[in-house]
Amino acid sequence: MDTATQRHLELGGRQIVLVGTAHISEQSVAEVTAAIEAERPDVVAIELDDKRLQNLEDPEAWRKMDVIKVLREKNGFLLLANIVLSSYQKRMGDNTGAKPGDEMLAAISKAKELGIPTAMIDRPITVTLRRAWARNSFWGKCMLLATLVVSAFSKEEVSAEQIESLKQKSEMDDMMAELAESMPRVKEVLIDERDRYLASHIWTSGGKKVLAVIGAGHLGGVQAHLEALASGTENADCADIAEVPPRSVASRLLGWIIPALIVALIAVGFVFGGASKGWNMLGSWVLWNGILAAVGALLAGGHPLTVLVSFVGAPLTSLCPFIGIGIVAGVVQAFICKPKVKDMEALQEDATTLRGFYRNRILRTLLVFILSSLGSSIGTFVAGASFVTAVASFWQKIMALFGGK
């Protein structure tokens, strides 16, 4: 019998039981263990990937993090987003008496107790976040960053009753509609793609009877995809959404075109505007990039040497598609102000306050990475705009050289 949080499906001669949960709900823990006990499935499918399972089973995993390695691998934004989302869930869980993922661990524990194999069926969180970022427009990226900032410092308190109400269909439908309207690309990646991914991996998890523990927001979408798989109108191949989409040729070219254009404009300044104009343009590039990147590092509470490196390095890294000043400044900051064990231990707690971001050496390093990058980007556009204005002042000379009027 179906309920608001459970759906029993008979598809292709198999039984599939979907159990919808709230990830910070004590009641969900009880519902999941009771369902496994009552259903005794052949397989218990869990909405986790191997990395998140490892983090849940090993609370000390944060201590093993190498922030310098994270920055070198260009995962600074992903780490910050993950920390903010985790700290938000933890804060909500503090009001309900449950920790994020407790129901998943309870399902694994109950399955182990009954000798039932488990399958991790979710897409890796790094792939999901990278796809959400890559598929967004500039405005969408701004919205995503704003949402992260708001959630990081939000003091909103949610009761256990409110958490449970989110598992009801009408409440969940309203939330999905709101997300689809405000951030359609994010909803597509976080919900729609994962509905398909989860359904595919439930379908291929084996056994005549499968019980899947998934977030309540995925119930409707996963059921629809399972029915499509059973009818043969959809196949279980998810290769197209299982990886980060490669950068388009246009975006790769743009990474070279902008630096080449900047260099060309400065060269034009020397040739047609004279040495004075050329040096002024070059100085403008250095100052706008260097000063704004340094200001970003300073606002992030960076070490004086980090601020200096940001100033000196930004004009150079802005012309190199392979590395940004944020990575350089972040690595310097992490090397000089090495994170301590207490920073690891307090990471999620510190991510909930502005003071915590500046107190925690890991979070301050990530701030240096974000704000120095932002400063340099603004400097690039401001300096580039001033170059166009400068070149326009001797445009007639250029046209005359090529026979124009």
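The values are calculated or read from the model by the stated rules, or taken from the named source; none is laboratory data. On a predicted model such as this, the values are computed, not experimentally measured, just so you know. Cβ placement follows ideal geometry from the backbone for every residue including glycine, while neighbour counts extend to all protein chains displayed. Just the protein is used for accessible areas: all its heavy atoms, side chains included, with ligands, DNA and RNA removed. Shrake-Rupley method; radii C 1.70, N 1.55, O 1.52, S 1.80 Å.
Taking 0.36 nm per residue of separation and subtracting the Cα-Cα distance, what length does fully extending Asn235 through Trp256 add?
3.6 nm is the gain from fully extending Asn235 to Trp256.
For a 32 Å ceiling on Cα separation, which of these pairs sit above it: Lys74/Lys209; Lys51/Lys342; Lys51/Lys110?
Values: Lys74/Lys209 42 Å; Lys51/Lys342 23 Å; Lys51/Lys110 20 Å.
Flagged as over cut-off: Lys74/Lys209.
Would you kindly state how much longer the chain becomes between Lys208 and Leu145 on full extension, computed as 0.36 nm times their sequence separation minus their alpha carbon distance, in nm to one decimal?
Details: separation 63, 0.36 × 63 = 22.68 nm, distance 4.34 nm.
Between Lys208 and Leu145, full extension yields an extra 18.3 nm.
Only Cα pairs under 8 Å and 6+ residues apart enter the sum, and on that basis the relative contact order of the stretch 186-321 stands at 18 percent. In terms of packing, defined here as the mean over residues of other Cβ atoms within 10 angstrom, the peptides 263-269, 125-131, 217-223, 305-311 line up highest first as 305-311, 217-223, 125-131, 263-269. With all protein chains in place and a 1.4 Å probe, the accessible surface of the stretch 296-382 carries 74 percent carbon and sulfur.
Taking a Cβ cut-off of under 11 Å around Pro321, the surrounding Lys, Arg, Asp and Glu residues balance to a net charge of +2, with basic ones at +1 and acidic ones at -1.
Each peptide in 47-56, 253-262 was scored by the mean count of other Cβ atoms within 10 Å over its residues; highest first, the order is 47-56, 253-262.
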